[in-house]
Amino acid sequence: MHIKKIKLDNFRQFKGTQTLEFSTDAEKNVTLILGNNNTGKTTLAQAFLWCLYGETDFKEKELINREVRDRKGEGRVSVEMEVVHLGKAYRLYRSEYYNR
């Protein structure tokens, strides 16, 4: 399976829609993710886990960006992945709605 793209919408500290495209080049097929502490690398890894299995390892289970939730009192958090497996393209999507 090759991961082409992941899109996060209001997932934890990722406010709004953030998209990361991965290299699918047969000869340059590695994508590196670098960043300082507390910039979202682990959150990105947890987004994969949540999209695929509906679970995370976060102590606080609420996934929606706090600023979005607090501003409206409601909101949606989602993660979408585009993958290719055995030549077929798939879209994986998971979301949750919050309302105070």
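Numbers at a glance
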{"read-out": "Considering residues of region 66-84 that are modelled with pLDDT of 90 or more and touching a Lys or Arg at 6+ places or on another chain (Cβ under 9 Å) only, the residue farthest from His2 (Cα to Cα)", "value": "Val77"}
{"read-out": "Residue that is least open to solvent (accessible area, probe 1.4 Å) [pool: residues in region 78-100 that are farther than 17 Å from Asp9 by Cβ, in a strand (DSSP E or B) and aliphatic (A, V, I, L, M)]", "value": "Val83"}
{"read-out": "Where Gly35 falls short, out of the listed (1) open to solvent by 50 Å² or more (accessible area, probe 1.4 Å); (2) small (Gly, Ala, Ser); (3) more than 10 Å from the chain's Cα centre (by Cα)", "value": "(1)"}
{"read-out": "Residue that is out of contact with any strand residue (DSSP E or B) (no Cβ under 9 Å at 6 or more places or on another chain) and aromatic (Phe, Trp, Tyr), where the choices are Phe22, Phe58", "value": "Phe58"}
{"read-out": "Residue, farthest from Ser95 (Cα to Cα), within region 18-69, restricted to residues that are of a type in the set (Ser, Thr, Tyr) and not in a loop (DSSP other than H, G, I, E, B)", "value": "Thr42"}
{"read-out": "Among (1) modelled with pLDDT of 95 or more; (2) more than 14 Å from the chain's Cα centre (by Cα), the one test that Leu52 misses", "value": "(2)"}
{"read-out": "So Tyr53, is it at negative phi and touching an Asp or Glu at 6+ places or on another chain (Cβ under 6 Å)", "value": "no"}
{"read-out": "Selection count, region 8-20, where residues are over 19 Å from Arg69 (Cβ atoms) and open to solvent by 60 Å² or more (accessible area, probe 1.4 Å)", "value": "1"}
{"read-out": "Some residue of region 57-77 being touching a Cys at 6+ places or on another chain (Cβ under 9 Å) and open to solvent by 70 Å² or more (accessible area, probe 1.4 Å)", "value": "no"}
{"read-out": "Residues of region 2-17 satisfying the condition of being under 26 Å from Lys88 (Cα atoms) and in contact (Cβ under 8 Å) with a residue 60 or more places away in the chain", "value": "His2, Ile3, Lys4, Lys5, Ile6, Lys7, Leu8, Asp9"}
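The values are calculated or read from the model by the stated rules, or taken from the named source; none is laboratory data. Remember, predicted model here, so these are calculated numbers, not experimental data. Neighbour counts run over all protein chains shown; Cβ positions are idealised from the backbone, glycine included. Keep in mind that these areas ignore ligands, DNA and RNA; they rest on the heavy atoms of the full protein, side chains included. Shrake-Rupley method; radii C 1.70, N 1.55, O 1.52, S 1.80 Å.
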